[in-house]
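Notes follow once the structure below has been shown.
Rule-based calculations on the coordinates, nothing more; no lab input. What you see is a predicted model, and the numbers here were worked out from it, not measured in a lab. Methodologically, a virtual Cβ is constructed for each residue, glycine included, from the backbone with ideal geometry; neighbour enumeration extends over all protein chains shown.
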Amino acid sequence: MPRERRGWGAGRTLLWMGGAFAAGCIPSGRLLTRALTGKALEDIGDGKPGSSNVARNVGWKSGAAVLALDAGKAYVPATAARLTGAGYGAVADIGISAMLGHIAVVKGRGAACALGAMLAMDPGTMAIGGAELLGGAKLHRNPQAVAVTAVSLPLISLALHRRPFRALGTLVLISILLAARIKGSPGAGWPSSPAVLWRRFWLDRDD
């Protein structure tokens with residue numbers, strides 16, 4: 001990741017973070033589902049706003065489109081910032097801001113946004129993590145693959161770069177992602193037992 005150019009300071013980072021947060025608030029899944037079916041995404045499947053629910057109940061092509069759109073909400077602003085001179089820390093802040101917007105406003109888990117942010121932050125680490133995700137998809141174990149990939153990404157980053165600062169950015173992103181997953185859907189509340197905690201982490205289920 002290039003060093004920050006002169007003129008790229010905290011104020012500029014904050015402005016980009018605000019724009020990324022706003023992008024993260026766009027409910028891609030709900031908008032696409034409404035456009036294609038006329039139905040509210042909350043009323044079909046498990047009601048979750050992410051690509052998995054769209055793929056199961058609208059079609060895999062629509063689910064793939066939502067995945068790409070949600071990932072793009074983080075990838076596009078973070079990559080644009082990097083190309084205009086932002087350093088690693090600013091790029092990470094911008095990508096994470098988009099994920100936070102998705103989690104706070106769309107009420108999704110943020111996995112697709114995390115994917116986009118990681119691609120912008122650290123393509124090499126995400127290439128290895130992407131292989132894990134593809135393996136899980138082939139085995140029809142997507143929730144488990146996300147859990148395994150999330151836990152392994154900071155370790156992969158540290159092994160590749162041997163720079164704790166790079167791994168720290170990944171760790172912060174993954175911590176937010178896992179916290180959203182463990183908290184569950186709106187109204188579900190925090191896990192009431194170790195068994196519920198495990199199901200939320202491993203299976204992404206609220207019960």
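Figures for the structure shown
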read-out: Residue-averaged 222 nm ellipticity for the chain, from DSSP H runs of 4+ at -39500 (n - 2.57), nearest 500; value: -23000 deg cm²/dmol
read-out: P(r) histogram, all alpha-carbon pairs of segment 90-170 included - 10 Å bins from 0, percent; value: 20, 48, 30, 3
read-out: Neighbour-count ranking [beta-carbon atoms within 10 angstrom, fewest first] of 37, 84, 125; value: 84, 37, 125
read-out: Cβ charges +1 (Lys, Arg) and -1 (Asp, Glu), total dipole of the chain, debye; value: 280
read-out: Ascending count of other beta-carbon atoms within 10 Å, so fewest first, for 75, 88; value: 88, 75
read-out: Contact order relative to length of segment 1-126, as percent, for alpha carbon pairs under 8 angstrom and 6 or more apart; value: 33
read-out: Pairwise centroid distance, computed over Cα atoms, of segment 26-65 with segment 116-174, Å; value: 25
read-out: Fewest-first ranking of 96, 156, 182, using other Cβ atoms within 10 Å as the exposure measure; value: 182, 156, 96
read-out: Angle in degrees between helix 60-83 and the longest Cα principal axis of the chain, rounded to the nearest 10; value: 20
